[in-house]
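These notes concern the structure reproduced below.
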Amino acid sequence: MRNPDAEVIRRILVMLAGSPRDAQIIETATGIAQRLRAELAGFFVEDPDLMRLAGLPFAREISLFSATARGLEPIAMRRALRREADAIRRLFEQSAAKAGVSWSFEINDDRQTALLTVSTERDLLITADTGRRLRAESPARLVRRTLAHVSCTVWFTPGTVNPAHPVMVMLDGSTRMHRVLGVAAQLARNNARPLPLTVFVSAADERQGEALIGEAQAWLAGAGLDAQILRLPEDSDIAAAVSAGAGPEPVLVVGRDHPALRALQRTDSMDRLGCTLVIVS
Amino acid sequence: MAMVKPLGPASLYRRCDPDKFDFASTEDLEDIEPVIGQERAMEALDFGIGIHHGGYNLFAVGPFGIDKQMVVRRFLEVRAAGGDPPNDWCYVHNFAVPDRPRALELPAGRAREFRRDMEQLIEDLRNAIPVAFESGEYHARVREIEESYKDTREKALTELAAEADAHGLALVRTPGGFALAPVKDGEILDPEEYEKLPEAERQRIEREVAELHDKLATVLHQMPKWQRESRNSIKALDREVGLYAVGHLIDEIRRKYEDLPPVLDYLDAAQTDVIEHLQEFRSHEEPAGLFGIALSEKPSFRRYQVNVMVDNSETAGMPVIYEDTPLYQNLVGRVDHMTHMGALVTDFTLVKPGVLHRANGGYLVLDARKVLGQPYAWEGLKRALLAREVRIQSLGQIFSVISTVSLDPEPIPLDVKVVLLGERLLYYLMRAYDPDFSDLFKVTAEFEHEIDRGADNDLLYARLLATLARRESLRPLDRAAVARVIEHCARLAEDAEKLTARLQDLTDLLREADYWARDSSHERVAREDVEKAIALRIRRTDGLRKRIHENILRDIVMIDTDGARIGEINALSVIELGDQSFAQPVRVTANARLGEGEIVDIERESELGGAIHSKGVMILGSYLAARYCLDRPLSLSASLVFEQSYGPVEGDSASVAELCALLSVLAGVEIRQTLAITGSVNQHGEVQAIGGVNEKIEGFFDVCVSRELTGKQGVLIPAANIPHLMLRQTVVNAAAQGRFHIWPVRSIDEAMELLTGFEAGERNADGAFPDGSINHRVEACLREFADLRHEYGRLTTGIGEDAKP
């Protein structure tokens, strides 16, 4: 059994893509890093789509503030992206300094390669990457795409994180069970007041369920945490867990291979979930 | 020669017989208002207060020391007690014109209440507004509006993105806005691949991109409008929430003041202002300020405070105010400032009331001399009375000497009776030189400086003493002491038939007599205590008199009290220094010789003589010419001088002495130096009354006593001054014993006969004076001068050789 006191998350990576939500994501990431006493790395991706766009002969940009059109050029676009990156870097620096978090910042123009490389060195990736497209990809597709490229734990957040959010864990007896409990414990414990922790257990039968509960209780006792443990039917989805839990806007911690997560990615119910999802690898 | 008889003791001092009083001491007497003998002044006050027309303010005229202020205030207080207290006034913020604070009038006592209510309101607002805007419901509704705006915007962009998607294009957010581009396999088409597309395909893409650009521009054009609508919706929500939080609080106050429309108007304006500035009040913290004054432009709850200018909640009747320091600001009020970082800041809460505000609806008593002594105070007072409103303007504003930001508070209507106190000279000067004065002070209340002395008034005076003694917590006076005080008050009035009305002197005498009574362990103030108080008061300031007296006794100042001399006479002058006056005998000498009829007043020539003194001397020339030289020119040159006098000489009370000295020279008869004389003379030789007769007699008496009274010494006084005699007891006693004499004279002839022992002489049927008489001698001398002058003229010019005078 892994040492329950060991901190699972020590290094955090936050993905920034020049979207309007970047400021909100930075605030969330520094808040989490502060709570978990983790290092924070910012990763700004210069979207290659924009550079291609700027190279097209008819490329025009319609100003958001004047609704007038002006031509785009690759060099000007590069400069604009650098300015945007610099602005985000300053914002990131200020937020991290205010939170007293150790930080670093990186800019890259190859999202996928860089992500794969960087995520292997990190324990947690925070992303809400909706990209620059007005018709953004769905959360389910984002989760799928992200998980396909990273090997670390991923934090998908729909908005700001409520400082007093309850933490919920979904266990299924997989090999990642202790790691899932470790992340949840770290989130619940590293707060001014320990956050309410709810553990949902789903198993094929009664015996397996009791065994899982016993194991979870033992792990939690070893970590010195109080938790509410609830049984869910084997085929329960994440939405059922969220609605069964206490308190609004929970953080739901789930293993990467939990059946409920796989089911969630196949349906559009993830788009309506409305809670923060922490997928533990 | 019918010699004038000296005055008997009864004429020298009018006693007040204590036995005529039927009380043992002033304890037995009831209080009396200290306005004895001031009936005319009281009638004027009564009239001035009663008449309600503009300009009927009062000027109480009277000399110093009669305590006009106390008398007027007591009179006004009695009248004011029967009236209703006037309304309260306060200043509140003017939301429409912030630098012009608004004046509100409330019934007496309600301004303070209104201030409390507004303070409570502020406290409630301070809590209620943030609470209302911190509620979950409010935030939910704001989010709803914001999301609605966001949804509208996103929907429009998403629809456009979907349309673009349908055409194989992507709507992309760029660092500066939006752009459209063709997509292949989920990614924007590379420029090189784009160039490889068929011409028709490129044209289609570019056409569709252009069309979507137009639609995008249309959407973006609408965004500010949606944003404005969203902001307006939030503002409307804020107003709704604010009104809900604030409205019922202000409604409570409204109900309380529904009988006062101006207050309701103000509350409406305040409510509107609160609602308009909800954003600034949503924080629990006030804007940074200095001593509570906001330094920023942001509004503060301080603006809803009430500055009570006039609070009559504890005023019984109409106010009666006396202002001892009538500075301009103390009269009309002021706007205070505070300095901060070199700048002066102010607001309506720093408006301070003046005495005109506090006396509004009642009476204001001011000392005219003090008002005139303060820069612009008189102008400020006049302006307020003429305009019938109090407008607070600093002198700096009026004269534009400073240009700092200040306030111009709304003027407050003024309804006040002003009573100015002042002496007669001031009154006449103001009336003569200020054209507004007559319009503003139409009622004059003249206070007498003395009252008649008689049996009735003596008793009233005794009651006055009783009242003053009680008011000053002094011992009661026994009736002998009362009688002595009355006698002294007649002396102060310089008239045996009058009593001084100067309550200040009277009160001082009572205090000092009480002190000596305590010193002597007397339970009541006795006559001897009064005597001691009078004597020691004189003694305390007697230094200069003693020095002059000593100089006379040492013959440094030459005053003879024995023997006789031609052309020299003892005159009597009075020196007034501070609260002391005493007489100084002065030797007046005369010289005469042939001349052209001029009498030289050496005092005037040396610019020591005053105008009245010069007039007296000029009368002498006229008298001599008219009496002795009807048929020939007055041909003498005479000079008169006050010997050993080195200061200014004023008054004509020595003109009899001067004439007598001159007649002595012309007649060649000696004047008795045992006598002194005082009085003025007219062109017909009649002796007229003078002032300070008591001091003059006592001055010469003291010199004679020091050298030894011989029974021949005395003073000649104008007969008209007999009623003024209230001489010191030692003089009266000496006169009773025949050791000193006071002769009343009516004419210069009577005086000359007493002074020389020669008959003055009346013209007989032939028009000639008796041989050997003084007048005969004078006439002969002047005739001789005239002849000599004629002869001298004939010898030098040859004119009139045959003419004989």
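The values are calculated or read from the model by the stated rules, or taken from the named source; none is laboratory data. Being a predicted model, the structure only gives us computed values, none of them experimental. Here the Cβ positions follow ideal geometry from the backbone for every residue, glycine too, while neighbour counts run over all protein chains shown.
The table below lists the values:
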{"item": "Unique match (being out of contact with any Asp or Glu (no Cβ under 8 Å at 6 or more places or on another chain) and without any contact (Cβ under 8 Å) to a residue 40 or more places away in the chain) among B:Val78, B:Val72, B:Val92", "result": "B:Val78"}
{"item": "Matching residues, the stretch A:13-24, being assigned to a helix (DSSP H, G or I) and either within 14 Å of chain B (Cβ to nearest Cβ) or buried (at least 24 other Cβ atoms within 10 Å of the Cβ) (or both)", "result": "A:Asp22, A:Gln24"}
{"item": "Residue ID - modelled with the lowest pLDDT, chosen from residues in the stretch B:479-533 that are of a type in the set (Lys, Arg) and over 29 Å from B:Val574 (Cα atoms)", "result": "B:Arg479"}
{"item": "Unmet criterion (only one of (1) modelled with pLDDT under 90; (2) more than 13 Å from chain A (Cβ to nearest Cβ)) for B:Arg231", "result": "(1)"}
{"item": "Matching residues, the stretch B:14-67, being modelled with pLDDT under 90 and of a type in the set (S, T, N, Q)", "result": "B:Gln38"}
{"item": "Selection within the stretch B:747-763 - in contact with a Gly (Cβ under 7 Å, 6 or more places away or on another chain) and either of a type in the set (Val, Ile, Thr) or assigned to a loop (DSSP other than H, G, I, E, B) (or both)", "result": "B:Ile748"}
{"item": "Sole exception among (1) closer than 25 Å to B:Pro409 by Cα; (2) touching a residue at least 60 places away in the same chain (Cβ under 8 Å); (3) not aliphatic (A, V, I, L, M) for B:Arg116, by number", "result": "(2)"}
{"item": "Residue identified as assigned to a loop (DSSP other than H, G, I, E, B) and modelled with pLDDT of 90 or more among B:Asp268, B:Asp259", "result": "B:Asp259"}
{"item": "Hey, B:Arg102 surrounded by fewer than 18 Cβ atoms within 10 Å (Cβ to Cβ), over 28 Å from the mean Cα position of the chain (by Cα) and farther than 30 Å from B:Glu446 by Cβ or not", "result": "no"}
{"item": "Odd one out for A:Arg70 among (1) closer than 19 Å to A:Asp22 by Cβ; (2) surrounded by fewer than 21 Cβ atoms within 10 Å (Cβ to Cβ); (3) more than 7 Å from chain B (Cβ to nearest Cβ)", "result": "(1)"}
{"item": "Whichever residue in the stretch A:37-57 is surrounded by fewer than 18 Cβ atoms within 10 Å (Cβ to Cβ) and assigned to a loop (DSSP other than H, G, I, E, B) and, among such residues, is farthest from the other protein chains (Cβ to nearest Cβ)", "result": "A:Arg37"}
{"item": "All helices (runs of 4 or more DSSP H) inside the stretch B:582-700 with 3 or more residues being of a type in the set (Gly, Ala, Ser)", "result": "B:611-628, B:655-667"}
{"item": "Residues of the stretch B:50-88 satisfying the condition of being surrounded by fewer than 20 Cβ atoms within 10 Å (Cβ to Cβ) and closer than 17 Å to B:Phe441 by Cβ", "result": "B:Gly50, B:Ile51, B:His52, B:His53, B:Gly54, B:Gly55, B:Tyr56, B:Gln69"}
{"item": "Subset of the stretch B:133-148 (residues that are touching a Ser or Thr at 6+ places or on another chain (Cβ under 9 Å) and within 14 Å of another protein chain (Cβ to nearest Cβ))", "result": "B:Glu146"}
{"item": "Complete set of residues in the stretch B:205-222 that are at the interface with another protein chain (Cβ under 7 Å from one of its Cβ atoms), closer than 13 Å to A:Ser63 by Cα and not aliphatic (A, V, I, L, M)", "result": "B:His213, B:His221"}
{"item": "Qualifying residue in the stretch A:1-12 (condition: in a strand (DSSP E or B) and either within 13 Å of chain B (Cβ to nearest Cβ) or farther than 27 Å from B:Gln227 by Cα (or both))", "result": "yes"}
{"item": "Those residues of the stretch A:73-85 which are hydrophobic (A, V, I, L, M, F, W, C) and within 9 Å of another protein chain (Cβ to nearest Cβ), in sequence order", "result": "A:Met77, A:Ala80, A:Leu81"}
{"item": "Considering residues of the stretch B:164-204 that are closer than 15 Å to B:Val219 by Cβ and either facing another protein chain (nearest Cβ under 7 Å) or surrounded by fewer than 17 Cβ atoms within 10 Å (Cβ to Cβ) (or both) only, the residue nearest to the chain's Cα centre (by Cα)", "result": "B:Gly177"}
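Residue-wise test of (1) farther than 21 Å from B:Ile66 by Cβ; (2) hydroxyl-bearing (Ser, Thr, Tyr); (3) within 31 Å of the chain's Cα centre (by Cα).
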residue: B:Leu474; (1), (2), (3): no, no, yes
residue: B:Ala480; (1), (2), (3): yes, no, no
residue: B:Ile486; (1), (2), (3): no, no, no
residue: B:Ala496; (1), (2), (3): no, no, no
residue: B:Arg511; (1), (2), (3): no, no, yes
residue: B:Ser520; (1), (2), (3): yes, yes, no
residue: B:Asp529; (1), (2), (3): yes, no, no
residue: B:Ala535; (1), (2), (3): yes, no, no
residue: B:Arg539; (1), (2), (3): yes, no, no
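Yes/no matrix, rows are residues, columns are (1) more than 42 Å from the chain's Cα centre (by Cα); (2) under 28 Å from B:Cys781 (Cβ atoms); (3) aromatic (Phe, Trp, Tyr):
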{"position": "B:Glu670", "(1), (2), (3)": "yes, yes, no"}
{"position": "B:Glu686", "(1), (2), (3)": "yes, yes, no"}
{"position": "B:Ala689", "(1), (2), (3)": "no, no, no"}
{"position": "B:Asn694", "(1), (2), (3)": "no, no, no"}
{"position": "B:Gly699", "(1), (2), (3)": "no, no, no"}
{"position": "B:Ala720", "(1), (2), (3)": "no, no, no"}
{"position": "B:Pro723", "(1), (2), (3)": "no, no, no"}
{"position": "B:Met726", "(1), (2), (3)": "no, no, no"}
{"position": "B:Val731", "(1), (2), (3)": "yes, no, no"}
